[in-house]
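The values are calculated or read from the model by the stated rules, or taken from the named source; none is laboratory data. In this text the structure is predicted, and so the values were computed from the model without any measurement. Note that each Cβ is placed from the backbone with ideal geometry, even for glycine, and that neighbours are counted across all protein chains shown. When the accessible area is computed, the model is the full protein with side chains, heavy atoms only, and any ligands, DNA or RNA have been set aside. Shrake-Rupley method; radii C 1.70, N 1.55, O 1.52, S 1.80 Å.
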Amino acid sequence: MTIRTQVAIIGSGPAGLLLGQLLFKAGIDNIVVDRVSKEHILGRIRAGVLEEGTAGLMDQAGVGARLQLENLPHDGFDLVFDNEVHRIDLFNLTGGKRVHVYGQTEMTQDLMDAREAENLTTFYDAQNVFPHDIDGESPYLTFEKDGTSHRIDCDFIAGCDGFHGICRKVVADNGMQTFEKVYPFGWLGLLSDVPPVHEELIYVNHSLGFALCSQRSKTRSRYYVQCAVSENVEDWTADMFWDELRRRLPDEAAQKVITGPALEMSIAPLCSVVSEPMRFGRLFLAGDAAHIVPPTGAKGLNLAASDVHYLFEAFREHYADNSTAGIDDYSRRALLRVWNAERFSWWMTSVMHRFPDMSTFDRRIQRSEFYQLTHSQAASTALAENYVGLPY
Ligand code: RFL
Ligand code: PHB
């Protein structure tokens with residue numbers, strides 16, 4: 001079966017769905033294809049902190065109503081270093097900016113609901129998705145679903161299929177350059193239907209390792225503790241997790257932790273990756289397909305959203321103004337912002353974690369970074385500006 005569209009989007013994560021919705025609003029026809037089911041995508045517990053720019057794109061795409069109503073605006077967060085607490089006042093340091101706590105799953109659900117309501121074509125559980133002729137004038141996708149072979153002819157392909165997708169593999173031999181850094185630890189995360197320990201997030205550097213107190217709502221908490229990459233999630237129980245978390249928090253917070261059964265527990269390894277360029281002929285990479293950041297700066301989903309902003313503008317200019325300027329400049333513009341977020345995420349990861357091979361010198365440097373943040377308004381302003389998100 002062969003169908004035609006203007007933009008074929010591989011991947012139904014936040015990047016692919018947001019792009020699809022923005023294109024639809026601009027009258028640009030698109031089809032989304034994903035290799036797994038909707039339920040599988042919605043079962044993945046990931047990001048929780050949205051920049052104002054990301055929330056704004058949801059509005060622009062016409063899917064921001066529930067987010068507006070249900071998000072928890074955050075004007076600051078706590079940094080803790082050896083039990084000393086310092087609040088980063090995002091709102092005042094940035095001249096009135098804040099972040100929004102709203103789960104990636106909720107954002108994805110809103111985008112899926114809108115797609116369904118508009119009857120936009122989406123293929124889930126598609127096998128062997130493959131982009132063809134990306135260097136020519138007429139690229140196309142092929143895949144199988146329920147025993148039928150499908151072909152989608154299109155003008156452009158958007159590779160929004162994450163880090164383990166097919167698009168990275170296809171362009172790997174096409175001059176793609178990859179820059180990466182692997183960190184010698186992971187994050188063990190636990191989601192539980194208990195009220196958060198504090199109304200704001202708490203990032204902790206403790207001698208036992210990093211810890212993070214985050215949340216999804218006033219009744220749902222998300223916590224993380226740094227763990228070794230070699231650890232197995234099966235070796236952890238919720239009780240063990242709660243004990244470890246409490247050990248790493250300042251006394252006052254530790255006493256306030258409300259524990260409960262785990263709705264989800266998982267281990268995420270931490271790495272930084274950037275692949276350049278982000279355009280190969282008529283194939284454009286966006287989101288995790290092009291780059292990964294360690295989650296310490298809460299940037300992954302937000303970077304996926306800023307890529308989508310540049311890519312949407314490029315396609316809009318192509319169709320509405322008959323200009324290729326945006327398309328030609330997409331990779332350069334997106335990578336500029338990507339590298340800023342990479343630098344920030346690497347820095348925050350370096351300052352907040354215990355590295356296995358850390359010397360006493362490294363430790364003193366970490367402590368001095370914390371001192372800077374607590375004593376220099378310029379230093380904490382730089383942190384705050386990056387955390388709320390640099391302008392597009
Ligand atoms: P996704 O979400 O991985 O979606 C890609 C989609 O592509 C599909 N796919 C394929 N489809 C067809 N054919 C193939 N061959 C395919 N291969 C894959 C997949 O099934 C999937 O549906 O990528 P996208 O859209 O670029 O979105 C990126 C974000 O998901 C990611 O950056 C964030 O979750 C990162 N992240 C965070 N980001 C933030 O901005 N703020 C946070 O607070 C935050 N916390 C986190 C995070 C990531 C974490 N983990 C698990 C790494 C916390 C954690 C623990
Ligand atoms: C989350 O809530 O999952 C979360 C929040 C902040 C981060 C990373 C993850 O920096």
- Message: If I ask for residues that are open to solvent by 40 Å² or more (accessible area, probe 1.4 Å) and either closer than 20 Å to residue 228 by Cα or of a type in the set (A, V, I, L, M) (or both), which ones from the range 364-375 would you list?
- Response: 365
- Task: May I ask you to list the residues in the range 288-299 that are of a type in the set (Gly, Ala, Ser) and within 16 Å of ligand 2 (Cβ to nearest atom)?
- Result: 297, 298
- Item | strands (runs of 3 or more DSSP E) contained in the range 150-254 and holding at least 1 residues under 26 Å from residue 370 (Cβ atoms) | 177-192, 201-206, 209-217, 220-227
- Task: Please go through the range 157-206 and pick out each residue that is among the aromatic types (Phe, Trp, Tyr) and more than 12 Å from residue 285 (Cβ to Cβ).
- Result: 179, 183, 185, 187, 203
- If we only count helices (runs of 4 or more DSSP H) wholly inside the range 32-102, which ones have 2 or more residues that are within 20 Å of residue 17 (Cα to Cα) and touching a residue at least 60 places away in the same chain (Cβ under 8 Å)? 38-42, 52-60
- Item | Subset of the range 376-392 that is surrounded by 15 or more Cβ atoms within 10 Å (Cβ to Cβ) and more than 20 Å from the chain's Cα centre (by Cα) - its residue that is farthest from residue 94 (Cα to Cα) | 379
- Query: Only one of (1) within 28 Å of the chain's Cα centre (by Cα); (2) outside the structural domain of residue 50 (by TED's automatic domain parsing) fails for residue 363. Which number is that?
  - Reply: (1)
- Query: Restricting attention to the range 323-332, does a residue exist that is open to solvent by 10 Å² or more (accessible area, probe 1.4 Å) and within 21 Å of the chain's Cα centre (by Cα)?
  - Reply: yes
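Going by the structure shown, is residue 8 in a strand (DSSP E or B) and of a type in the set (Gly, Ala, Ser)?
For residue 8, the condition - in a strand (DSSP E or B) and of a type in the set (Gly, Ala, Ser) - is met.
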- Task: Out of the residues in the range 233-286 that are more than 23 Å from residue 200 (Cα to Cα) and of a type in the set (Gly, Ala, Ser), state the one that is surrounded by the fewest Cβ atoms within 10 Å (Cβ to Cβ).
- Result: 281
- Message: Anything in the range 124-147 that is within 26 Å of the chain's Cα centre (by Cα) and either within 16 Å of ligand 2 (Cβ to nearest atom) or surrounded by fewer than 19 Cβ atoms within 10 Å (Cβ to Cβ) (or both)? List them, or say none.
- Response: 124, 125, 127, 128, 130
- Item | Residues located in the range 20-46, provided they are crowded, with 24+ Cβ neighbours inside 10 Å and either of a type in the set (Lys, Arg) or within 30 Å of residue 75 (Cβ to Cβ) (or both) | 21, 22
- Note on the structure: For the range 287-311 the number of residues that are open to solvent by 10 Å² or more (accessible area, probe 1.4 Å) and more than 11 Å from the chain's Cα centre (by Cα) is 2
- Sole residue being open to solvent by 30 Å² or more (accessible area, probe 1.4 Å) and more than 12 Å from ligand 1 (Cβ to nearest atom), chosen from 110, 89: 89
- Can you find even one residue in the range 150-164 that is touching a residue at least 24 places away in the same chain (Cβ under 8 Å), away from ligand 1 (no atom under 15 Å from the Cβ), in the same structural domain as residue 259 (by TED's automatic domain parsing) and over 23 Å from residue 366 (Cβ atoms)? no
- Tell me which residues, restricted to the range 92-107, are under 24 Å from residue 11 (Cα atoms), more than 11 Å from ligand 2 (Cβ to nearest atom) and open to solvent by 20 Å² or more (accessible area, probe 1.4 Å). 106
